[in-house]
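Right, I'll just put the structure down here and ask away after.
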Amino acid sequence: MPFINRELSWLEFNQRVLDEALRDDLPLLERVKFLAITASNMDEFFQVRVGGLHLMRHSGARKRGITGLTPSQQLMAIRTRAKAMVEDQYALLNHQLLPAMAKEGMLLIDSKAITPAQHEILMSRFEEAIFPLLTPLAHDPDTRATSLPAMRIILACELQNTDDQSKRNVFIPLPEALARFTHIPMSETSSDATGEHLIPVEEIISMFAGELFPDEQVTATMPFRITRNGDIAVQEEDAIDLAGEMEEVLAARKTSHTVRLEHPAKAPNRLKRIVREAVGASPAETYAAQGPLALADFMALAFASGYDHLRDTPWEPQFSPEIEPGESLFETLADHDILLNHPYESFEPVLRFIEEAASDPDTIAIKQVLYRTASDSRVIDALIKAANNGKQVTVLIELKARFDEARNLMRADELQRAGVQIVYGVKGLKTHAKICLVIRNEDGQLKRYVHLGTGNYNESTARLYTDISYLTSRPAYGADASLFFNAITGRSKLTRFRKLIPAPTHMKPRLLELISAEAKRAKNGEPASITAKVNSLQDEEIIRALYQASKDGVNINLNIRGICCLKTGQRKEAKNIRVVSVIDRYLEHARIFSFHHGGSPLVFIASADWMTRNLDKRVELMIPIEDKACRKRLQGILDAAFKDNVNGFEILTDGTSQRIEPGKGQKRFRMQEHLQQQAKRAARARSHERSTTFEPHTPAD
């Protein structure tokens, strides 16, 4: 059966993000933001996915993926597609975005375009704020430059001795503390400036690099940037101290082999050759840029102050009408379940759930899984407070969360010092489930309250990612939550669950069973359908089951933001499958599944995508939503995903995408805008109801 290559499918997802940057109907800095996102996405893609393929190739692995390609063949295909995308990024930047930014008073210049007055300003800034931070590294032609930092711009300099005319090369890494762009007045005096010039910091260092080498002349410079393999995992089977082993992995990533070298297309050939040899990059791994490197840094310009008119009007998160202000969340949950649709509805109730438990005298214990947290985390603060207040606090903090390992090590240490019982994940698996259990003593009886979600306990990303939170006090869910924590902290088995469906033991079999059940109904001539919203679809067994269900007549609608290895088209096994993707101002992150089930839909949320790594190699949770009102809301979100004709894309047979346009006489429908307005209307209606309802004070008993 046909499949789409995972890596090429991901690149087509990134193309959809780039397509948003190409839209001239979006505000200018929103387009700049989308361009920066595509560059940031590519950085992680090369570190992890390309890095992993490099490891496989170097180890001699020739195992073919589901599309029949070896690691070497995949790398060749990736480079061809990635280089075309890089060309598109710079064409957009140079021909559309930079000219438009210049018209708005944000003019990007280089050292050749500055005025004498600006030169003086820059020299002063260099001497005061840049020079003290620079550390030149001498280049030894006989040694591989493994100490050069990855993902940072480095300035290669060619120096000539003024006495004997001998030449040498040095590399100057740009310190992380330096802002990428320096703002200087457009005119020669700041008082009558009507805009500003922006100059990349590497240009400033290049201008004044001679100050670092008093007896030598700088004869040529070239900025470059290297990407190292980030797909280095801890050897858990041999790990006695997982935290210590993880620190070694982080150190190893700093000197791992180069998988990508970026430099300007217009640069001295001799410096290109020297840098390529120094970092061990082949010509195939080298990407020539037609403009500034590290386009992800343009995110800072997208959020620069003073340019609000060039950005979208903010959408403020709304307060859930299900939650009464001033009422204890535990009282609310004792009465009914709560479902929150973030970021349209505020993440505040989730934070309040943990903070209230930390201070609540009736709370005995809090148990939580943390995968990624905010840099200044209220969740961490609340858990520390709970421990200080004498609560029994247990936290599984996943040290193997990619690129958050260092932060999670620090967080774990912080929590441990406060007396929190810490577990460093599960051996051989990543723990990706989103769950928090609060146990209270209510009149001598223990009662459990649970938060289950599709996204991380991170209040920063909760304003940028779409996710679902589900809070409940249903006894079966609380009992399952206790079983879950007992399994991951006490080495018992993930069994005897009544409601929650964990991976890697139960989730895939249950999904295959649900898909098969719909196929059986379709074969019997009954209505049958599957509707799902996931970030990625890659698992071969799931795809084959969907193909078979489609062949049997099941109507399948899939909303997939990123990777889709299922091949659409008019073939018998795919003709009943439609795949769409929505790319908008928020990152689509919620996982919601609905099965027709003979007219009594089964609806689930999950922490897991339909990928082998999630279903077979991670600890995840799929949660059935039985509350009728909550289930109806989730089905409304799914319906909206397939109506979007503004920011929706149809996934085509070859894995590429086509923007969905409104048909003749059809109204524009934008999913995210619809959900934002829906949240606003619900909050406004509840506020109005409260303002017109009078509740008398009554005497105390």
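The values are calculated or read from the model by the stated rules, or taken from the named source; none is laboratory data. Everything quoted here is computed from the prediction, not taken from an experiment. Here the Cβ positions follow ideal geometry from the backbone for every residue, glycine too, while neighbour counts run over all protein chains shown.
Against the definition (buried (at least 24 other Cβ atoms within 10 Å of the Cβ), in contact (Cβ under 8 Å) with a residue 12 or more places away in the chain and not hydrophobic (A, V, I, L, M, F, W, C)), how does GLU345 come out, yes or no?
The answer is yes for GLU345.
Of all residues being in contact with a helix residue (DSSP H, G or I) (Cβ under 7 Å, 6 or more places away or on another chain) and of a type in the set (D, E, K, R) in the stretch 408-426, which is surrounded by the most Cβ atoms within 10 Å (Cβ to Cβ)? Just the residue, please.
ARG411
If I ask for residues that are within 29 Å of HIS197 (Cα to Cα) and either surrounded by 14 or more Cβ atoms within 10 Å (Cβ to Cβ) or among the hydroxyl-bearing types (Ser, Thr, Tyr) (or both), which ones from the stretch 132-151 would you list?
Selection gives LEU134, THR135, PRO136, PRO149, ALA150, MET151.
Return yes when ILE488 is assigned to a helix (DSSP H, G or I) and not assigned by TED's automatic domain parsing to the domain that holds GLY599 and no when it is not.
Yes.
Which one is nearest to ALA179 (Cα to Cα), of the residues in the stretch 286-297 that are of a type outside the set (A, V, I, L, M) and assigned to a strand (DSSP E or B)?
TYR287
Filter the stretch 12-25 down to the residues that are more than 17 Å from LEU587 (Cα to Cα) and either surrounded by 17 or more Cβ atoms within 10 Å (Cβ to Cβ) or in contact (Cβ under 8 Å) with a residue 12 or more places away in the chain (or both) and list them by number.
Those that are more than 17 Å from LEU587 (Cα to Cα) and either surrounded by 17 or more Cβ atoms within 10 Å (Cβ to Cβ) or in contact (Cβ under 8 Å) with a residue 12 or more places away in the chain (or both): LEU22, ASP24.
List the number of the failed condition for ILE380; all other conditions in (1) at negative phi; (2) hydrophobic (A, V, I, L, M, F, W, C); (3) at pLDDT below 85 hold.
(3)
Report yes if PRO292 is assigned by TED's automatic domain parsing to the domain that holds THR227, in contact with a Pro (Cβ under 8 Å, 6 or more places away or on another chain) and modelled with pLDDT of 95 or more, otherwise no.
yes
Given the conditions (1) buried (at least 17 other Cβ atoms within 10 Å of the Cβ); (2) farther than 25 Å from LEU652 by Cβ; (3) touching a residue at least 40 places away in the same chain (Cβ under 8 Å), report the number of the one that GLY105 does not fulfil.
With respect to (1) buried (at least 17 other Cβ atoms within 10 Å of the Cβ); (2) farther than 25 Å from LEU652 by Cβ; (3) touching a residue at least 40 places away in the same chain (Cβ under 8 Å), GLY105 is out only on (1).
Here's another thing I want to ask about it. Would you confirm whether or not the stretch 298-313 contains a residue that is among the hydrophobic types (A, V, I, L, M, F, W, C), outside the structural domain of GLU588 (by TED's automatic domain parsing), in contact (Cβ under 8 Å) with a residue 60 or more places away in the chain and assigned to a loop (DSSP other than H, G, I, E, B)?
Yes, some residue in the stretch 298-313 is among the hydrophobic types (A, V, I, L, M, F, W, C), outside the structural domain of GLU588 (by TED's automatic domain parsing), in contact (Cβ under 8 Å) with a residue 60 or more places away in the chain and assigned to a loop (DSSP other than H, G, I, E, B).
crowded, with 19+ Cβ neighbours inside 10 Å and either more than 19 Å from LEU261 (Cβ to Cβ) or touching a Cys at 6+ places or on another chain (Cβ under 8 Å) (or both), is that true of LYS63?
It is false that LYS63 is crowded, with 19+ Cβ neighbours inside 10 Å and either more than 19 Å from LEU261 (Cβ to Cβ) or touching a Cys at 6+ places or on another chain (Cβ under 8 Å) (or both).
Consider TYR307 against the criteria (1) touching a Pro at 6+ places or on another chain (Cβ under 8 Å); (2) surrounded by 14 or more Cβ atoms within 10 Å (Cβ to Cβ): it satisfies all of them except one. Which criterion is unmet?
Checking TYR307 against (1) touching a Pro at 6+ places or on another chain (Cβ under 8 Å); (2) surrounded by 14 or more Cβ atoms within 10 Å (Cβ to Cβ), the one that fails is (1).
Shifting gears a bit: Got at least one residue in the stretch 640-663 being free of Cβ contacts under 8 Å to residues at least 40 places away in the same chain, part of a helix (DSSP H, G or I) and assigned by TED's automatic domain parsing to the domain that holds ALA519?
Yes, the stretch 640-663 contains at least one residue that is free of Cβ contacts under 8 Å to residues at least 40 places away in the same chain, part of a helix (DSSP H, G or I) and assigned by TED's automatic domain parsing to the domain that holds ALA519.
Looking only at the stretch 389-430, which residues are aliphatic (A, V, I, L, M) and closer than 21 Å to ASN486 by Cα?
Selection gives VAL393, VAL395, LEU396, ILE397, LEU399, ALA412, LEU415, VAL420, ILE422, VAL423, VAL426, LEU429.
Looking only at the stretch 664-686, which residues are among the small types (Gly, Ala, Ser) and free of Cβ contacts under 8 Å to residues at least 12 places away in the same chain?
GLY665 - this is the single residue of the stretch 664-686 that is among the small types (Gly, Ala, Ser) and free of Cβ contacts under 8 Å to residues at least 12 places away in the same chain.
Can you go through ILE605, ILE592, ILE583 and tell me which one is modelled with pLDDT of 95 or more and in contact with a Ser or Thr (Cβ under 7 Å, 6 or more places away or on another chain)?
Selected residue: ILE605, the only one of ILE605, ILE592, ILE583 that is modelled with pLDDT of 95 or more and in contact with a Ser or Thr (Cβ under 7 Å, 6 or more places away or on another chain).
Within the stretch 356-407, can you find the residues that are surrounded by fewer than 16 Cβ atoms within 10 Å (Cβ to Cβ) and part of a loop (DSSP other than H, G, I, E, B)?
Listed by number, the residues that qualify are PRO361, ASP362, SER375, ASP376, ASN389, GLY390, ARG402, PHE403.
Condition check ((1) outside any helix (DSSP H, G or I); (2) modelled with pLDDT of 95 or more; (3) closer than 17 Å to LYS400 by Cα; (4) touching a Cys at 6+ places or on another chain (Cβ under 7 Å)) across all residues:
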{"site": "ASP231", "(1), (2), (3), (4)": "yes, no, yes, no"}
{"site": "GLU247", "(1), (2), (3), (4)": "no, no, yes, no"}
{"site": "VAL259", "(1), (2), (3), (4)": "yes, no, no, no"}
{"site": "ALA284", "(1), (2), (3), (4)": "no, no, no, no"}
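List every residue pair whose Cβ atoms lie under 7 Å apart, where the two residues are 6 or more positions apart in sequence or sit on different chains, the first residue falls within the stretch 518-547 and is more than 19 Å from ASN614 (Cα to Cα), and the second residue, located anywhere, is of a type in the set (Phe, Trp, Tyr).
Note: pairs meeting the criteria are GLU518/PHE595; ILE530/PHE595.
Is the stretch 344-357 home to any residue that is of a type in the set (Val, Ile, Thr), modelled with pLDDT of 95 or more and within 23 Å of the chain's Cα centre (by Cα)?
Among the residues of the stretch 344-357, at least one is of a type in the set (Val, Ile, Thr), modelled with pLDDT of 95 or more and within 23 Å of the chain's Cα centre (by Cα), which makes the answer yes.
So if I check each of SER550, SER469, which one is at pLDDT 95 or above and more than 24 Å from the chain's Cα centre (by Cα)?
None of the other options fit; the residue is SER550.
Could you tell me whether LEU271 is part of a helix (DSSP H, G or I), more than 26 Å from the chain's Cα centre (by Cα) and not acidic (Asp, Glu)?
Yes; evaluated as a whole, the condition is true for this residue.
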